[in-house]
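Visitor: Shown below is the structure under consideration.
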Amino acid sequence: MVVRAGREFLAVPGPTNIPDQVLQAMHRPAVELYSKPLVALTHSLLFDLGRLFGTEARRYIYIANGHGAWEAALTNVLSRGDKVLVLESGKFAIDWGDAAARLGIHVEVLKGDGRHAIRPAEVEARLHEDKAGSIKAVLAVQIDTSSSVVNDIAAIGHAIRSARHDALFMVDAVASLGCVPFEMDAWGVDVAMSGSQKGLMTPPGLGFVAAGERARHAHRNAGLRTPYWDWTTRDGDSHYQKYAGTPPEHLLFAFRQALDMLFAEGLDNVFLRHRLLAQAVRRAVDVWSRRKTLEFNIIEASERADTVTTVLTADGCHPEALRDYCESKCGVVLGRGIGTLNGKAFRIAHMGHVNAPMVLGTLGTVEMGLRALGIAHGAGGVQAAIEWLGDKVRPDAGARLETSLAR
Ligand SMILES: *Cc1c(COP(=O)(O)O)cnc(C)c1O
């Protein structure tokens, strides 16, 4: 007996649901790769990436996933033998650091416990100790998709400046760009990177990097530069050089459509929508957690991300059984626990092309699964989510981000 039919719903943190309009934007013939409209398209995308990243810094579009954009960021500013400080808050900064290590970069990890955000004061203290300035870059993730923590990038940027340290600040915004505010210039970020397939509602395959002044300066002497990733090559006049070869035309058509949708909604509203829906998820998880079988991975409410929620499961409660039930019976695909949380957690993604019915439907499906599998949980999680949304999304008022920031 199943109650699934029609389109499967992806509640995984990437790739995410692709809007029909974005899919349709790709259904067209290829164009000549120097054609004027295509050159103009590249121009418009690079311009709008500046709006998303909150920067005047130069932007690059790679045919790559997030791992590729990581490598682009590292190889353009660092040399073999350089040292970087990785700020741990889950799996992804560690993986970025592993990529650096394989490039011959020395990696020091500022340890985290996977259940808290990065502590800016610890970053400042560590940099303060580094009198010789041996640390060339600090690597952090804004939202770590494994732990579901959100780090305070502004505060970390401030900590680096307070330590009067010259390290470049490099930030991964793969699971956050276009979902929560990002202000590269205001926050003192030197290199920011992201990808197309999470909050940006586009198929996997585009990697984005923004490179500030200090990063461009470091770039001049970076020893790890390679032909494909190299910023200088891509700064050339020819459109062909912008992609170090043939442009990923159809992904660009798709991305244009996704950006048009984000800007038509208004970024502030996009951020607010993510906040409201995330909070609805958290209300539900909070209620389910009352029986001690389930628990938020991130302990502090203020450190829980607006794009994904990682739920820990007690010993003897099998998250894979729940995931399997939701997928095979209901057509809802939840995220699995990854890294150290493999087999110990499930994740509910709420990023990108999400709305109230998708999120309430997902929560309802999870609650249905908990009941069907006999997993102890507080009843009424979905009800709590409905009450939250019903109280916040009023018929008369235009909602405002500031007034809804409280969790
Ligand atoms: C998904 C993700 C990545 C990796 O992106 P891929 O496209 O899978 O290479 C990196 N960082 C974060 C925070 C992510 O969520």
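The values are calculated or read from the model by the stated rules, or taken from the named source; none is laboratory data. All values derive from a computational prediction rather than experimental measurement. Here the Cβ is made from the backbone with ideal geometry for all residues, glycine too, and neighbour counts use every protein chain on show. Surface areas here come from the heavy atoms of the whole protein model, side chains and all, with no ligands, DNA or RNA. Shrake-Rupley method; radii C 1.70, N 1.55, O 1.52, S 1.80 Å.
Visitor: Quick check on the stretch 189-205. Is at least one of its residues more than 16 Å from the ligand (Cβ to nearest atom) and either outside the structural domain of Asn65 (by TED's automatic domain parsing) or surrounded by fewer than 24 Cβ atoms within 10 Å (Cβ to Cβ) (or both)?
Guide: Scanning the stretch 189-205 turns up no residue that is more than 16 Å from the ligand (Cβ to nearest atom) and either outside the structural domain of Asn65 (by TED's automatic domain parsing) or surrounded by fewer than 24 Cβ atoms within 10 Å (Cβ to Cβ) (or both).
Visitor: Considering only the stretch 23-78, how many residues are of a type in the set (Val, Ile, Thr), open to solvent by 10 Å² or more (accessible area, probe 1.4 Å) and out of contact with any helix residue (DSSP H, G or I) (no Cβ under 7 Å at 6 or more places or on another chain)?
Guide: So the count comes out to 1.
Visitor: Shifting gears a bit: Check the stretch 77-85 and report whether any residue there is away from the ligand (no atom under 16 Å from the Cβ), of a type in the set (Ser, Thr, Tyr), part of a loop (DSSP other than H, G, I, E, B) and in the same structural domain as Lys198 (by TED's automatic domain parsing).
Guide: Yes, the stretch 77-85 has at least one match.
Visitor: Okay, next question. Of everything in the stretch 324-356, what is in a helix (DSSP H, G or I), over 22 Å from the mean Cα position of the chain (by Cα) and surrounded by fewer than 23 Cβ atoms within 10 Å (Cβ to Cβ)? Give them in sequence order.
Guide: Asp324, Tyr325, Glu327, Ser328, Lys329, Cys330
Visitor: Then there's this: If a residue must be part of a loop (DSSP other than H, G, I, E, B) and of a type in the set (A, V, I, L, M, F, W, C), how many such residues does the stretch 357-375 contain?
Guide: Result for the stretch 357-375: 2.
Visitor: With the requirement that a residue be open to solvent by 10 Å² or more (accessible area, probe 1.4 Å), out of contact with any Leu (no Cβ under 8 Å at 6 or more places or on another chain) and not in a helix (DSSP H, G or I), what does the stretch 275-305 give you?
Guide: Within the stretch 275-305, Lys292, Thr293, Ile299, Glu300, Arg304 meet the criteria.
Visitor: So, one more: Do we find a residue being on the phi < 0 side of the Ramachandran plot, assigned by TED's automatic domain parsing to the domain that holds Glu183 and in a loop (DSSP other than H, G, I, E, B) anywhere in the stretch 36-54?
Guide: no
Visitor: So which pairs qualify, if the first residue must be in the stretch 267-294 and touching a residue at least 24 places away in the same chain (Cβ under 8 Å) and farther than 20 Å from Leu322 by Cβ, the second must be of a type outside the set (Gly, Ala, Ser) and in a helix (DSSP H, G or I), the Cβ gap must be under 7 Å, and the two must be at least 6 apart or on different chains?
Guide: Note: pairs meeting the criteria are Val270/Leu262; Leu276/Leu389; Leu276/Lys392; Leu277/Val359; Gln279/Trp388.
Visitor: Restricted to the stretch 156-185, and to residues that are without any contact (Cβ under 8 Å) to a residue 60 or more places away in the chain and among the charged types (D, E, K, R), which residue is surrounded by the most Cβ atoms within 10 Å (Cβ to Cβ)?
Guide: Asp166
Visitor: From the set of residues in the stretch 95-113 that are over 22 Å from the mean Cα position of the chain (by Cα) and among the charged types (D, E, K, R), which is least open to solvent (accessible area, probe 1.4 Å)?
Guide: Going through the qualifying residues, I end up with Glu108.
Conditions tested, residue by residue: (1) within 16 Å of the ligand (Cβ to nearest atom); (2) touching a strand residue (DSSP E or B) at 6+ places or on another chain (Cβ under 9 Å).
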position: Asn17; (1), (2): yes, yes
position: Met26; (1), (2): no, no
position: Glu32; (1), (2): no, no
position: Leu46; (1), (2): no, yes
position: Ile61; (1), (2): yes, yes
position: Ala72; (1), (2): yes, yes
